[in-house]
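Shown next, in structure tokens, is the structure this report addresses.
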Amino acid sequence: MNKEKRWIKAIQKHGNEHSANQLIEAYYKEIFSYVYKQMYDKETAKDVTQEIFISMLKSLYRYDGRSSFRTWLYMVAKFRVIDHYRSKQFKESSRGVAVEEERIEDTSDFTERLATRAEAERALKVLESCPSDEEFIVRMKLLGGRTFPDISAETGLALSTIKTKYYRTLKFMKQALKEE
């Protein structure tokens, strides 16, 4: 039995704090990186990553080992990120600052960043409307920097299925963004 499985069993049966710390330490950088690539803000990514691990510890009793722990943890992360974007706090904070309050020094750089961010937010909103498995695949590939074989191994889906869903979702997103 590997360390990860021992840590999980110790947490599930005895609420072992040392095992919980070991498990979090083993995955923290990877999950933070995944979240940061979707948030574009370091402090928010730290907060959401912390929420992911709290959620993971609270629901670890439901982990049954049918999928790899990494896959299960990424699903927890995915849903926590989606919850963040749907939260009232995010919607209120994304309204932005009044133009008078914003100090603009180089307008070309500012407008370029603004356009890029607006495009990214539009694309994420379209992606959220896709079926959850397709959304997960696109997020893992584009935002998580994962390869098709990695995604296939984590989801248990055939490589051809992963590629089909990925390209079909991109085509749908492109069309939806074009229609806007």
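Please list, ordered by residue number, the helices (runs of 4 or more DSSP H) wholly in region 1-72 having 1 or more residues that are under 18 Å from G145 (Cβ atoms).
Output list reads 17-39, 42-59.
The conditions of being in contact with a His (Cβ under 8 Å, 6 or more places away or on another chain) and either at pLDDT below 55 or of a type in the set (A, V, I, L, M, F, W, C) (or both) are not met by F79. Restricting attention to region 42-65 and to residues that are farther than 21 Å from G15 by Cα and not hydroxyl-bearing (S, T, Y), the residue that is surrounded by the fewest Cβ atoms within 10 Å (Cβ to Cβ) turns out to be E43. Applying the criterion of being free of Cβ contacts under 8 Å to residues at least 12 places away in the same chain and not in a helix (DSSP H, G or I) to the residues of region 145-156, the residue that is surrounded by the fewest Cβ atoms within 10 Å (Cβ to Cβ) is T147. For region 157-180, name all the residues that are part of a helix (DSSP H, G or I) and charged (D, E, K, R). Passing the criteria: K163, K165, R168, K171, K174, K178, E179.
The values are calculated or read from the model by the stated rules, or taken from the named source; none is laboratory data. What you see is a predicted model, and the numbers here were worked out from it, not measured in a lab. A quick note on method: Cβ atoms are made from the backbone with ideal geometry, for glycine too, and the neighbour counts reach across all protein chains shown.
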